[in-house]
Amino acid sequence: MAPYSLTLSNTSAFYGERQILDNVDFTLNCGEFVCLIGKNGAGKTSLMKILANVPDESLRIEKNGSVVKTTVRDYKENARLVSFLPQNGFSAWNYTVSDFVLQGRFCHTNSTGMYVKTDKDKTEEILKKLNIANLRNAHVHELSGGEFQKVRIARSLVQESRFLLLDEPLASLDFSYEDEFITLLKNIAVDENRGILISIHNINTASRFCDKLAVLTEDRKLLCGTAAEIMTADILEKIYGKKVNTFTHPDGSIQVY
């Protein structure tokens, strides 16, 4: 049975001599929707790569002072456990949207690698959930940046992994779509008992939706707690280097300006 949490303990990470993470502890549980914030270059992507078990030869990972090698014995099994959406992506081949998204089902295929009706039905279902079913026959090289981002997200969601790690999924998306999309993610976390972690720059949006808020600090540590615990002027001013004020929104969330 797959584990019901993704966990890092006493984990540090380096690019050469430059340290990115310092003795980080973090746990993502099934059913949780967690937002990850921090300045550019703070290590958000590196943290997600380590959680997703993504090989990166330039990244040195240490646990309790000992170097840890990233090894994946069964890529299909790993993909069924964790789906990782990088910040940027492209398609070398000009697939139709439907075929591009269908690739997310490969980890569920048998040894022949052939897709079955269930895979195609799941693909159509997720296209409708993301309101992009009208693009199913379009080719990915013809899409706008925002449209292609939705298609990439669809491929990650159709993978049906126990954990979803999405690195800046709101990039290129219209402001009017953000609430709809994050609400969809939070519902998936609850209704399907899946753990979801997204990195996000808009901390007010993160505060409104997250179960927990994780933030990488200026000294390469990770703080994790409720939005009320993390969204304090003292913590945010140290991280972002700007004077901030906080207030409670009518919806009950902590907001910053």
For this session: Could you check which residue among Thr112, Thr183, Thr27 shows the biggest mean-square fluctuation in a GNM of the chain with a 10 Å Cα cutoff?
Result: Thr112
Exercise. Where the accessible area of the stretch 11-103 is counted over protein heavy atoms with a 1.4 Å probe, how much of it, in %, is carbon and sulfur?
Worked result: 47
For this session: Find which of Ile61, Ser98, Asn29 sits farthest along the positive direction of the dipole of the chain, computed with +1 on the beta-carbon of Lys and Arg, -1 on that of Asp and Glu, about the Cα centre.
Result: Ile61
Problem set entry | At most 14 other Cβ within 10 Å, DSSP loop - chymotrypsin sites (Phe, Trp or Tyr not before Pro), the stretch 1-36 | Tyr4
Problem set entry | Candidate aspartates and glutamates - alpha carbon under 17 Å from Lys117, same-chain residues fewer than 8 apart omitted | Asp99, Glu125, Glu160
For this session: Kindly write out, for the stretch 83-93 in residue order, the coupling ³J(HN,Hα) from the Karplus curve 6.51 cos²θ - 1.76 cosθ + 1.60 (θ = phi - 60°), rounded to whole Hz, with x marking Gly and Pro.
Result: 10, 10, 9, x, 4, 10, x, 8, 10, 5, 10
Exercise. Residue-wise, which Karplus ³J(HN,Hα) couplings in Hz belong to the stretch 235-247, taking 6.51 cos²θ - 1.76 cosθ + 1.60, θ = phi - 60°, and x for glycine or proline?
Worked result: 5, 5, 5, 5, 6, 9, x, 10, 5, 10, 10, 10, 8
Exercise. Which of Leu143, Leu223, Leu102 moves the most in a Gaussian network model of the chain with Cα springs under 10 Å?
Worked result: Leu143
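Might you tell me the accessible area per residue for the chain, computed with a 1.4 Å probe and given in Å²?
Roughly 50 Å² per residue, with all protein chains present.
Against the globular-protein guess of 2.2 N^0.38 Å, express the Cα radius of gyration of the stretch 159-257 as a ratio, rounded to two decimals.
Relative to the 2.2 N^0.38 Å estimate, the stretch 159-257 comes out at 1.12.
Of Ile50, Ile153, which has the most accessible area with a 1.4 Å probe, and how do the rest follow in descending order?
Ile50, Ile153
Give me the net charge for the shell around Arg18: Cβ to Cβ below 12 angstrom, other residues only, Lys and Arg +1, Asp and Glu -1.
Net charge in that neighbourhood comes out at 0.
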Problem set entry | Over the chain: helical MRE at 222 nm, DSSP H runs n ≥ 4 each giving -39500 (n - 2.57), nearest 500 | -9500 deg cm²/dmol
Seminar exercise, completed: Calc'd 3J(HN,Hα), the stretch 206-216, phi into Karplus 6.51 cos²θ - 1.76 cosθ + 1.60 (θ = phi - 60°), Hz, glycine/Pro = x, comes to 4, 4, 5, 10, 6, 7, 9, 10, 10, 9, 8
Problem set entry | Cα-Cα P(r), the stretch 45-139, percent of pairs per 5 Å interval | 2, 11, 16, 18, 19, 14, 9, 6, 3, 1, 0
Seminar exercise, completed: All alpha-carbon distances of the chain, grouped into 10 Å bins from 0, give the whole-percent distribution 7, 29, 35, 22, 7, 0
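The values are calculated or read from the model by the stated rules, or taken from the named source; none is laboratory data. Since we're looking at a predicted model, the values are computed, not measured. When we count neighbours, we look across all protein chains shown, and the Cβ atoms used for this are built from the backbone with ideal geometry, even at glycine. These accessible areas exclude ligands, DNA and RNA; they are computed on the full protein's heavy atoms, side chains included. Shrake-Rupley method; radii C 1.70, N 1.55, O 1.52, S 1.80 Å.
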